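The next block holds one structure in the form of structure tokens; read it before the comments.
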Amino acid sequence: MDLAYINDFSVRLGLPFDSDRVPQHVAIVMDGNGRWAKQRGQERNVGHRRGVEALENVVIGCRKLGVRYLTVYAFSTENWSRPKAEISTLMSLLSEFADKKLARLKANQVRVQVIGDFAGLPMLQRLALRRLLDETANEQELVLNLALNYGGRADILQAVKQAALQLAPDKLQAMTEADFAGFLQTAGQPDPDLLIRTSGELRLSNFLLWQLAYAEFYFTDTLWPDFDEAELFRAICAYQKRSRRFGAVVEV
Ligand code: FPP
């Protein structure tokens with residue numbers, strides 16, 4: 001947590017920030033790259049490229065605000081149905097991100113992990129990511145989960161299969177929700193407290209279906225390439241004003 005950074009944004013944006021109520025885990029659906037490019041008469045790929053820059057800034061912002069886990073939807077299982085050229089750009093951006101951002105991520109003590117079907121990614125991307133994951137494995141300040149070839153239902157389904165394979169029938173019967181969460185790809189991590197989706201879309205799109213059960217949702221019309229550290233600060237301030245009840249009653 002960087003108190004000077006927080007104070008600077010707090011003054012600039014005129015928003016009070018409560019350092020004791022920082023979401024531990026933030027999840028983001030980074031949406032609107034294509035529209036951002038189209039608005040400028042550019043190819044969708046230009047928007048994706050700017051989207052990676054936005055991601056880099058948001059990672060650094062999270063680190064400075066004291067967020068401990070950040071999960072971003074970078075490529076869904078449904079994204080394979082996009083035109084081949086666009087998939088190819090997204091994959092190139094991914095390996096480029098893994099190669100070029102490794103040093104900066106490490107310097108900021110960011111540990112990168114992948115959730116999703118890693119084996120289904122192309123070889124080049126798997127190699128670049130493997131290095132990124134291995135090289136940042138000991139970093140401790142922020143975990144960055146890249147959701148790649150990820151689907152929430154697929155995650156739940158693989159967890160069910162793992163549990164059935166690994167547990168004897170009596171243990172399976174006795175399995176708690178917490179036990180089950182240990183078979184999901186986010187095993188060992190707290191559930192997201194805050195879900196952000198950009199570009200005015202109001203959907204979950206098969207993202208972290210189990211894990212988002214009690215998350216606060218924050219939607220903004222801002223397109224992902226324009227989502228910067230100030231926008232992140234605003235989103236977290238909005239989260240801090242929410243009253244989280246987890247289904248219970250809070251006395252006022
Ligand atoms: C949604 O915008 C965005 C995606 C499908 C991909 C998100 C990817 C990035 C931000 C960059 C890649 C990330 C890494 C880590 C390399 P859209 O294309 O659906 O935009 P639209 O809704 O305006 O068409």
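All of the numbers you see were taken from the coordinates with simple rules; none came from a lab. None of the values given here were measured: they were computed from a predicted structure. Note that each Cβ is placed from the backbone with ideal geometry, even for glycine, and that neighbours are counted across all protein chains shown.
When the Cα positions of Ala85, Met175, Leu144 are compared along the charge dipole of the chain, Ala85 comes out farthest toward the positive end, with charges on each C-beta of Lys, Arg, Asp and Glu.
Place a +1 charge on the Cβ of each Lys and Arg in region 105-252 and a -1 charge on the Cβ of each Asp and Glu, then give the dipole magnitude about the Cα centre in debye, rounded to the nearest 20. Dipole of region 105-252, to the nearest 20 debye: 280 debye. Once a ≥ b ≥ c are taken as the square roots of the eigenvalues of the Cα gyration tensor of region 60-106, is the result rounded (a/c under 1.5), prolate (a/b larger than b/c) or oblate (a/b not larger than b/c)? Oblate, because a/c is 1.5 or more while a/b does not exceed b/c.
Averaging the sequence gap over all C-alpha pairs within less than 8 Å and six or more residues apart, then dividing by the number of residues, gives the chain a relative contact order of 27 percent. Along the charge dipole of region 80-211, pointing to its positive end and built from +1/-1 on Cβ of Lys, Arg, Asp and Glu, which listed residue (Leu202, Met123, Leu157) has its Cα farthest out? Of the options given, the answer is Met123.
Helix-only arithmetic for the chain: the sum of -39500 (n - 2.57) across DSSP H runs with n ≥ 4, divided by the residue total, places the mean residue ellipticity at 222 nm at -14000 deg cm²/dmol. Rounded to the nearest 20 debye, the dipole magnitude of the chain is 520 debye, with +1 charges on Lys and Arg beta carbons, -1 on Asp and Glu beta carbons, and the Cα centre as origin.
Pairs of Lys residues in the chain, spaced 8 or more positions apart or belonging to different chains, with C-alpha separations under 26 angstrom: 8 in total.
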